[in-house]
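Report on one structure; see the data block that follows.
The values are calculated or read from the model by the stated rules, or taken from the named source; none is laboratory data. Owing to the predicted nature of the structure, the values given are computational and were not obtained by experimental measurement. Please note: Cβ atoms are built from the backbone with ideal geometry, for glycine as well, and neighbour counts cover all protein chains shown. Quick note on the areas: whole protein, heavy atoms, side chains included, nothing else; ligands and nucleic acids left out. Shrake-Rupley method; radii C 1.70, N 1.55, O 1.52, S 1.80 Å.
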Amino acid sequence: MLKLFIADLKLQFRNRQSLFWSIAFPLIFTVIFGFFFGSGSMGTGTVAVVNDSTSKMATSMVDAFDKQDAFKVQTATSVDAARDSMKKGKAAGALIIPAHFGDTTPGAPTNVTILYDPGSIQLRAGLDGFVNAYLTEANYRVLKVSPVFGYTDERANASASFTYFDYVLIGLIGMALMNAAIQGVAISMSKYRDDKILKRITTTPLPGWKFLTAEVVSRLIVNLVQITLILWVGIGGFHASIGGNLWALYGLSLVGAILFQLIGFSVAAVAKNTDAAEGMSQAIAIPMMFLAGVFFPIDQLPKWLYSIVQYLPLAPLLRAMRSLALESGAISDNISSLMLVGVWIVVLLLFAIYRFRLTDE
Amino acid sequence: MEEVIRVENLTKRYGEFTAVHNISFAVKKGEIFGLLGENGAGKTTTLEIIEGLRKLTAGTVTVLGHDVKTDPTSIKSKIGVQLQSSAYFSYLTLKEMLELFASFYGKTVDAAALLHQVRLEEKAGAYVTQLSGGQRQRFSIMASLVNNPEIVFLDEPTTGLDPLARRNLWELIRTVRDQGKTVVLTTHYLEEAEILCDRVAIMEKGEMVALDKTGRLIAKAEFPYALTFEAQGDIPAALEKLSRYGQVHAGEKAGHHYRVLIKKEGDLGKVIDIMRPLKVEGLALRPASLEDVFIQLTGKAIDNGDREEERA
């Protein structure tokens, strides 16, 4: 059986097309989301800074600007250069410090100018906030007073210090597992049946369960590679933070992978040929990719739709994965999600046992 | 001779449809046994019941002393099976595949030596998709021998091969037989069965219509001799006389080709006398072919044209 298991691994790693879908495709998604939302990417955009003043205040403002990490900073030589840069899409906003700003001489300018691109609302808000806070602080100093009222900000859920990228990263792991398992199993089993490989296996004394076990386990190995690569790219390349339990994430992922493989076996059981299996598995996987919470929280959907899609197999799985990996949730916090996953596994297992056969008789 | 397969009153039904109806036969150790018939005649169904792949509806089948109903696993470990069309993984090399299939029987094999026997040693690292049709079939037969089986089942081993590749395969099948193994094959090439098989069974609509040694089947036929010739122009008088001794079949091609099936050995001299004064080409008198026997038994020629997959 070890030989069969090794052969199955070879089959999976030699099949370039399936390797693309199971490994390259989710990694491409990870990188794209990483560039847009990962914290290594300086999230909201680039600001061009024009400093025409030589005053101490202007210099320290630019210094402070350089140190923040809400947006990237680019130095421009003139207002025209900054405008040009924005026109070409290299910067989404500009901070213009006029000549003599901050000088103590009378009549020196006291205002800086912010240029913004109406398309970049997020950047404008960030830039406004930064400049406002800096100038307020400067005003206090000049007036030699300290602020009386203030605020502290705190996240509602103290343990949930995750970003949108972290959220999507877990979604992408779910998506990768789902695509690899549903399509992988459905297509390869149908192809094995079309090519009479399954029948050929039944001519040998090898028990069917051994053949299937080697198939399932070798796919789980591929899943481990998928999860590890996605996490590696997400954390290493784009500073995702998986603050919760990594082992629980792996464990839950494999449970999910088994669930999706069962969907694959069920599809292979009812599909008449490989083409049908491919179509059916896509018809199952693609809606689930968008409606089960890979990219956005599904409670934002209309209520009637949410009341249905929350039961899709991927939805409770992602809920539990995020709770454990991002919010350091405990298993006990996720009983209902885990039970739903369990129910799906039992239902699909029964269906697969009832319908899936290596041969037509 | 020791019997290695015994089929008694075997019937297989799919709902209302009877695929195999009450057939009985035995296969002897060390022979090449052929199952002949059209597509849908029940050959593959019969074979797959013997191999333990399908359940029988009625009757008993014993293979090497094991009952297929109660002990299919013991049978599977002692037989080798080659299925119609290739049935192999796309991304495993020939060597890996032989080793893998051997492991299903709990055996290890010297894949290089096995491939050498079928002249594929240079292809050890190739995938099945990189082989020609003939190479693929040779590999397929070799793959059915990895467990050193006592009986080898070959389902239409030469379908789709060119004449040379087919001859090579016949040679290989004879070699397998000479190693002391029993070979059971299905074919719809009657010429192949005639050349290769020690005994043949002819199936028609799920029933067995004939079973004997190939030569004896021909000798026992209603018309055991065939006279063939090509005539220029019409020869109605001669054909009239010939028809007294047998059946005259005019060829389809412009009516010049004739095949006369003759009933009695004693009439052969008279037939030659009729032919002597005629100016004909390619005159030949020989035993009827298995194909003639087949037509006589089933009332039709076997169709080698576009084949449909044999039913279930």
Ranked output for segments A:342-352, A:109-119 by mean other Cβ atoms within 10 Å, highest leading, reads A:342-352, A:109-119
With the 1.4 Å probe rolled over protein heavy atoms, chain B has an accessible area per residue in Å² of 45 Å²
Lys pairs in segment A:46-143 with Cα under 23 Å (8 or more apart in sequence, or on separate chains) total 6
Cross-link reach from B:Lys279 to aspartates and glutamates, straight Cα distance under 12 Å and at least 8 residues apart if same chain, gives B:Glu230, B:Asp234
Looking only at lysines whose Cα falls under 25 Å of A:Lys272's and that sit 8 or more positions away or on another chain, we get A:Lys191, A:Lys196, A:Lys199, A:Lys210, B:Lys12, B:Lys43, B:Lys55
In deg cm²/dmol, rounded to the nearest 500, the helical mean residue ellipticity at 222 nm of chain A, built from -39500 (n - 2.57) for every DSSP H run of length 4 or more, is -20000 deg cm²/dmol
Ranked by GNM mean-square fluctuation in chain A (Cα springs under 10 Å), the top entry among A:Gln261, A:Gln12, A:Gln68 is A:Gln68
Nearest 10, in degrees from 0 to 90: the angle of helix A:164-194 to the longest Cα principal axis of chain A is 20 degrees
Between the Cα axis of helix A:208-231 and the main Cα principal axis of chain A, the angle (0 to 90°, nearest 10) is 10 degrees
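Using DSSP, restrict attention to beta bridges with both residues in chain A and report what percent are antiparallel, rounded to the nearest 5.
Taking every DSSP beta bridge with both residues in chain A, the antiparallel ones total about 30 percent.
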For segment B:252-293, listing GluC sites (Glu not before Pro) in a DSSP loop whose Cβ sees at most 13 other Cβ atoms within 10 Å gives B:Glu252
Phi angles of segment A:290-297, converted by Karplus (6.51 cos²θ - 1.76 cosθ + 1.60, θ = phi - 60°) into ³J(HN,Hα) in whole Hz with x for Gly and Pro, give 8, 9, 10, x, 5, 9, 8, x
Residues of segment B:71-118 that bury at least 40 Å² of accessible area, probe 1.4 Å, when all protein chains are present rather than the chain alone, are B:Lys76, B:Val81, B:Leu83, B:Ala87, B:Phe89, B:Tyr91, B:Leu92, B:Glu96, B:Leu100, B:Phe101, B:Phe104, B:Tyr105
Computed ³J(HN,Hα) along segment A:313-323: with the Karplus parameters 6.51/-1.76/1.60, θ = phi - 60°, integer Hz and x for glycine or proline, the list is x, 5, 5, x, 4, 5, 4, 5, 4, 5, 4
For segment A:46-143, the per residue accessible area (1.4 Å probe, Å²) is 60 Å²
Per the charge dipole of chain B (beta-carbon charges, Lys/Arg positive, Asp/Glu negative, Cα centre), the residue among B:Ala111, B:Ile75, B:Ala250 reaching farthest to the positive end is B:Ile75
Taking protein heavy atoms only, a 1.4 Å probe, and rounding to whole percent, the accessible area of chain B owed to carbon and sulfur comes out at 47 percent
So the A/B interface buries, both sides summed and with a 1.4 Å probe, an accessible area in Å² (nearest 100) of 2600 Å²
Only helices counted: for chain B, with every DSSP H run of 4 or more residues adding -39500 (n - 2.57) and the sum spread over all residues, [θ] at 222 nm is -8500 deg cm²/dmol
Of the listed pairs B:Lys213/B:Lys264; B:Lys29/B:Lys205; B:Lys29/B:Lys264, those with alpha carbons more than 32 Å apart are B:Lys29/B:Lys264
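Could you pull out the chymotrypsin sites (Phe, Trp or Tyr not before Pro) across segment A:286-316 that fall in loop regions by DSSP (anything but H, G, I, E, B) with no more than 11 other Cβ atoms inside 10 Å?
The qualifying sites: there are none.
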Looking only at aspartates and glutamates whose Cα falls under 17 Å of B:Lys95's and that sit 8 or more positions away or on another chain, we get A:Asp8, B:Asp110, B:Glu121, B:Glu122
In whole percent, the fraction of accessible protein surface over segment A:46-143 that belongs to carbon or sulfur atoms, probe radius 1.4 Å, stands at 53 percent
Among trypsin sites (Lys or Arg not before Pro) in segment A:208-303, those in a DSSP loop whose Cβ has at most 11 other Cβ atoms within 10 Å are A:Lys272
Checked against the positive end of the charge dipole of chain A (+1 on Cβ of Lys and Arg, -1 on Cβ of Asp and Glu, about the Cα centre), the farthest of A:Met57, A:Ser190, A:Val343 is A:Ser190
Computed over chain A: longest principal axis from alpha-carbon atoms vs helix A:246-270 long axis, angle to nearest 10 degrees, is 50 degrees
